[in-house]
Amino acid sequence: MSVLKVLYVDDEPDIREVATLSLELDPQIECRAVESGASALALLADGPWRPDLILLDVMMPGMDGPATLAALRGMAGFAATPVVFMTARARGFEQEHLLQLGAIGVIPKPFDPMSLAVQLRSLSRSWASV
Amino acid sequence: MTDFNTTLEKFRARFLARAAHDLSRLRGHQQGTVLAKPELLALVHHMAGNAGMFGFQNISVLASDVELQLDNDADATPTLEALVALLQETVEPKE
């Protein structure tokens, strides 16, 4: 299995830590986590580390998930980087809206720490095969 | 995996400590130290996400309901009362 580099963006420190630990249950996932959309954009702009996939919390103070996605799409080199949203508000119409923004998937919160890595890999594989 | 479960326990304890603080703020809100709507929304939103994550699904559901009602400008008072009662049972269990 190839290494999957994941950038995780969430303002909640405890959830950020649990998600990172969950993803690292898969030894072939390399995860970096930051606390805001602005920090994510700064990390990407600085280079040279490039994620294969970005996992974005939806509701964050300041720049929320959708605003971060919009800014990301305007950055050179990240127009097509797959983004998965993570949200506590994952009702049908809300999920649909997030997918229409260009996300390849939506993972509801609370997530299952034991299967988060598998879910992400599956979304990544589906996206790559399209 | 045991390490991972131990870590989850640590977060669970941290959630309970924070819930006690949130309970105090919500009681204050009910008693007149009113939280502004964005502040209340942020509180219940974070509570909904964290509670569900760390094994307190019933708190998560009620906090989500309050959030939804606030978002829709509906009367959240009864649900908020239920949430406060549940938080109280959880963080201040009777002997």
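The values are calculated or read from the model by the stated rules, or taken from the named source; none is laboratory data. The structure presented is a predicted model; accordingly, all values stated were derived computationally and were not measured. Reconstructed Cβ throughout: ideal geometry from the backbone, glycine too, with neighbour counts over all protein chains shown. Just the protein is used for accessible areas: all its heavy atoms, side chains included, with ligands, DNA and RNA removed. Shrake-Rupley method; radii C 1.70, N 1.55, O 1.52, S 1.80 Å.
Worth pointing out:
- Consider segment A:86-130 and keep the residues that are open to solvent by 80 Å² or more (accessible area, probe 1.4 Å) and modelled with pLDDT under 85. The one that is nearest to the other protein chains (Cβ to nearest Cβ) is A:R91.
- The number of residues in segment A:1-34 being among the acidic types (D, E) and surrounded by fewer than 17 Cβ atoms within 10 Å (Cβ to Cβ) comes to 3.
- Count of residues meeting criterion [open to solvent by 40 Å² or more (accessible area, probe 1.4 Å) and over 21 Å from B:L16 (Cβ atoms)] in segment B:66-95: 9
- B:D65 being outside any helix (DSSP H, G or I) and of a type in the set (D, E, K, R): no
- Checking segment B:16-37 against the condition returns a match, with at least one residue being at the interface with chain A (Cβ under 10 Å from one of its Cβ atoms), surrounded by 14 or more Cβ atoms within 10 Å (Cβ to Cβ) and either part of a helix (DSSP H, G or I) or without any contact (Cβ under 8 Å) to a residue 60 or more places away in the chain (or both).
- B:G52 being crowded, with 16+ Cβ neighbours inside 10 Å, part of a helix (DSSP H, G or I) and not basic (K, R): yes
- Test result for A:T68, within 13 Å of chain B (Cβ to nearest Cβ) and open to solvent by less than 30 Å² (accessible area, probe 1.4 Å): no
- Comparison of A:M60, A:M75 shows that the only residue that is surrounded by 12 or more Cβ atoms within 10 Å (Cβ to Cβ), within 14 Å of chain B (Cβ to nearest Cβ) and not charged (D, E, K, R) is A:M60.
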